[in-house]
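The values are calculated or read from the model by the stated rules, or taken from the named source; none is laboratory data. Quick caveat: nothing in here was measured; it's all calculated off a predicted structure. Positions of Cβ are backbone-derived with ideal geometry, glycine not excepted, and every protein chain shown enters the neighbour counts.
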Amino acid sequence: MCILMFMREEIIRHLSQDYTVPVRDPLWKHIYLSPGLRKIMYNKEFQKLGRIRQLGPASLVYPGASHTRLNHSLGVFYLARRILKTILFSEHCPDHLTLVGVKSFLCASFLHDIGHFPHAHSFMELPLADHEFLSGKIIRESEIASIIKDDIGGDPVLTAAIIDSAIPDKGNKELIFFRNILSGVLDPDKLDYLNRDAYFCGVPYGMQDIDFVISQIRPTESGICLTTKGVTAVENILFSKYLMYKTVYWHSDVRISTALVKKAVYLGLSQGYFKAEELYGMDDDEFFRRMTETPEELASLVRESETPRKYKIISQQPFDEGNKLHRELMDLDFRNEYEMKLAEIIESRFPGLLPENHLVIDIPSKISFEVDVPILDKKGNKPFIGSPTVFSGPVVQGFTETLRHIKVIVPSFVAEKVPELELDPFV
């Protein structure tokens, strides 16, 4: 017991005293780093994140949304450190936490996006590596590994494993615990991006009461739970996430821009104009430059993505899992063939009107509205669904169904001639 108390006190001392380097942040004000983390911040891999916009084409709609993944990474670290302090001062703090583990976890929160490349979240259906895998690879194989080990006192292998859940946990309780903190209902990633995105877009929907949220967190052996008062924090996150998707992340102009870029990358990969590995490690400018060096039929899609208002939606309907065509369209090869069939219909009526590859079908990926956080009451832990909340299972499921629509997109001058087009005109 004395050894455990000594370890906890050592960790608390570390969290309280070893982060002395201030970095000014518009959202959280001063964020204090350790000298080792500051060294990582000036590493070229980390600095690349400062040249990747957090919200990609959303800045075309919300001009203030020019914040970057570097800004976000700082914020995730800031909130992770605050959450850790709450956990360590709890009487239920797990006894398997170590100083090396804590340092590794804070490095993971700081570096969770180090493998990000432009539009990565929009390319999930493409044959590209997950950015979590790339983050782990960079952490293990670059000079960042030696900084984590020698300057910070953490374990780069553990840091990588906390980020990349595809790495087997082998029953490591500390690894499992920190993974669940970094990725979950109330993770520091989500708490930062909702607040940061809302702040820079100038909308109120994503703002969370961070002080209250963190005050209601309690540790378990494998992660965190919330007090009954904290139910409102989850409710706020769920509704905030829904509103941010509806108004910002999936704004129609953002979806059009994203769909054009995704089509260009799909064609470039499938036709061999570039390899997946070329995209990894790029920043926004490098990506745009490389994509506009491809043949005109691809390059024009990327250039046009900068002016999405020059495109119109001529067909739209809710995505239906029970619809065979809708399911088949999730396959990008099938979708590309189907786009060509729809383009042929327009070509038969208006020869030469529609540029090649400029009819695009957009289908957003399924959103996950996580609710698997235990709620702590006098009788113990119980699921969030089942606690006193309006967010029942069907309500949460309805969020995705309400947001997710299949859209057929064409240039505006084509839409003037073909204002409507059935998604399934062949029936």
Seminar exercise, completed: So the helices (runs of 4 or more DSSP H) completely within segment 305-424 holding 3 or more residues that are of a type in the set (D, E, K, R) and over 26 Å from TYR245 (Cβ atoms) are 332-349
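Yes/no per residue for (1) outside the structural domain of ASN236 (by TED's automatic domain parsing); (2) surrounded by fewer than 19 Cβ atoms within 10 Å (Cβ to Cβ); (3) under 19 Å from SER368 (Cα atoms):
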| site | (1), (2), (3) |
| --- | --- |
| SER146 | no, yes, no |
| ILE167 | no, yes, no |
| ASN195 | no, no, yes |
| PHE200 | no, no, no |
| ILE214 | no, no, no |
Seminar exercise, completed: Checked TYR19, TYR32 against criteria (in contact (Cβ under 8 Å) with a residue 12 or more places away in the chain, surrounded by 18 or more Cβ atoms within 10 Å (Cβ to Cβ) and touching a Phe, Trp or Tyr at 6+ places or on another chain (Cβ under 7 Å)); the one match is TYR19
For this session: Determine whether LYS48 is modelled with pLDDT of 95 or more, surrounded by fewer than 15 Cβ atoms within 10 Å (Cβ to Cβ) and of a type in the set (Lys, Arg).
Result: no
Exercise. Which of the following residues is among the small types (Gly, Ala, Ser) and without any contact (Cβ under 8 Å) to a residue 12 or more places away in the chain: ALA129, ALA145, ALA108, ALA65?
Worked result: ALA145
Exercise. Of these, ARG290, ARG309, ARG303, which one is over 28 Å from GLU420 (Cβ atoms), assigned by TED's automatic domain parsing to the domain that holds ILE345 and among the charged types (D, E, K, R)?
Worked result: ARG290
For this session: Go through segment 189-223 and count every residue that is among the hydroxyl-bearing types (Ser, Thr, Tyr), more than 27 Å from ASP377 (Cα to Cα) and free of Cβ contacts under 8 Å to residues at least 60 places away in the same chain.
Result: 1
Seminar exercise, completed: Matching residues in segment 108-144 (among the polar types (S, T, N, Q) and surrounded by 22 or more Cβ atoms within 10 Å (Cβ to Cβ)) number 2
For this session: Residue by residue through segment 251-294, note down the ones that are in contact with a helix residue (DSSP H, G or I) (Cβ under 9 Å, 6 or more places away or on another chain) and not in a helix (DSSP H, G or I).
Result: HIS251, GLN271, TYR273, PHE274, LYS275, TYR280, GLY281, MET282, ASP283, THR292, GLU293, THR294
Problem set entry | Scope segment 134-170; condition assigned to a helix (DSSP H, G or I), farther than 14 Å from ILE40 by Cα and either β-branched (Val, Ile, Thr) or modelled with pLDDT under 95 (or both); matching residues | VAL157, ILE162, ILE163
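What about SER122, is it more than 28 Å from LYS85 (Cβ to Cβ) and either assigned by TED's automatic domain parsing to the domain that holds ARG81 or in a helix (DSSP H, G or I) (or both)? If you could, list the steps in order and put the result at the bottom.
Values: more than 28 Å from LYS85 (Cβ to Cβ): yes; either assigned by TED's automatic domain parsing to the domain that holds ARG81 or in a helix (DSSP H, G or I) (or both): yes.
Against the criterion (more than 28 Å from LYS85 (Cβ to Cβ) and either assigned by TED's automatic domain parsing to the domain that holds ARG81 or in a helix (DSSP H, G or I) (or both)), SER122 qualifies.
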Seminar exercise, completed: Over segment 283-319, the set of residues surrounded by 19 or more Cβ atoms within 10 Å (Cβ to Cβ) and farther than 23 Å from ASP362 by Cα is ASP283
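Which residues, taken from segment 16-52, are over 27 Å from the mean Cα position of the chain (by Cα) and assigned to a helix (DSSP H, G or I)?
Matches in segment 16-52: SER16, GLN17, PRO35.
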Problem set entry | ILE114 vs. criteria not in a helix (DSSP H, G or I) and not assigned by TED's automatic domain parsing to the domain that holds VAL261 | yes
Problem set entry | Subset of segment 65-109 [within 19 Å of the chain's Cα centre (by Cα) and either modelled with pLDDT under 95 or closer than 30 Å to VAL302 by Cβ (or both)] | ALA65, SER66, HIS67, THR68, ARG69, LEU70, ASN71, HIS72, SER73, LEU74, GLY75, VAL76
Exercise. Part of a helix (DSSP H, G or I) and within 30 Å of SER368 (Cα to Cα), is that true of SER66?
Worked result: no
Problem set entry | Index of the failed condition, GLY56 passing every other in (1) of a type outside the set (Lys, Arg); (2) buried (at least 22 other Cβ atoms within 10 Å of the Cβ); (3) within 21 Å of the chain's Cα centre (by Cα) | (2)
Problem set entry | Residue within segment 171-189 that is among the aromatic types (Phe, Trp, Tyr) and farther than 27 Å from ILE114 by Cα present | no
